[in-house]
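First comes the structure, then the notes that go with it.
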Amino acid sequence: MTVPGRDVDEAELAGARVDRLLAQLRSGPDPRAAAVAEELVRCLVQLYGDGLERIVRIAGPAGTADLCADPLVESLLLVHDLHPVEPGDRVRRALERLRSRVGPVDYLGIDEAGVVRLRLPDGVQGCGSSAQSARLLIETAVLRAAPEAAVVELEIAAAPPPLLQISRRPGLAQPVSAATRP
């Protein structure tokens, strides 16, 4: 169930529930129960991953791209490294969706270590919390679009200094008009 106004979806809720249940088993009297449960989860994830891989093969590139229109299916394809779109393209698409909220963000690339480099070319207008809020929105969007990314490095360009208006001090010199010229 997607909650309006929140970025929580069913997959995230289910993942959080699995984590809580595993933590509950780890803290129980029999540590072997937690190990068995974790192995069971790994086996199920592998089973579903193998099934998704077959679906992707049958659907082909165009069909898989269509499947990615559904956020839940897209997240499952990402988890199993089956997404048909390259990470850089996914990051660019995520940044474009954020454009109306944070302005343009330059994608500088992703390196072999999984570091995504970005730059806010015009800085962030407003108070420090605006910059922190924009940073959090950007990092969250990038890591959702490219979970294989290890780190998001966001360079925020300094805002240009305000322009100063230069004029004569009042009373120092009178402008020469056409009527007073010799």
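Ranked by the mean number of other Cβ atoms within 10 Å of their residues, highest first, the peptides 28-35, 105-112 come out as 105-112, 28-35. Specify whether the C-alpha gyration tensor of segment 87-156 places it in the rounded, prolate or oblate class, a ≥ b ≥ c being the square roots of the eigenvalues: rounded for a/c under 1.5, otherwise prolate if a/b is larger than b/c and oblate if not. The shape class here is prolate. Most tightly packed first, judged by the mean number of other beta-carbon atoms within 10 Å of their residues, the peptides 56-64, 86-94 read 86-94, 56-64.
Which shape class, rounded, prolate or oblate, goes with segment 27-147 when its Cα gyration tensor gives a ≥ b ≥ c as root eigenvalues, a/c under 1.5 marks rounded, and past that a/b bigger than b/c marks prolate? Oblate is the answer for segment 27-147, as a/c is 1.5 or above yet b/c matches or exceeds a/b. The distance between label points at Arg93 and Val115 comes to 2.7 nm (points 7 Å beyond Cα on the Cα→Cβ vector). Label segment 10-79 by shape, choosing from rounded, prolate and oblate, from the square roots a ≥ b ≥ c of the eigenvalues of the Cα gyration tensor; if a/c is under 1.5 it is rounded, and otherwise prolate applies when a/b is larger than b/c, oblate when it is not. Oblate is the answer for segment 10-79, as a/c is 1.5 or above yet b/c matches or exceeds a/b.
Modelled spin labels at Asp66 and Leu137, positioned 7 Å past Cα toward Cβ, are 3.4 nm from each other.
Values in this text are rule-based calculations from the coordinates and carry no lab data. Since this is a predicted model, take the numbers as computed values, not measurements. Glycine gets a Cβ as well: all are built from the backbone with ideal geometry, and neighbour counts include every protein chain shown.
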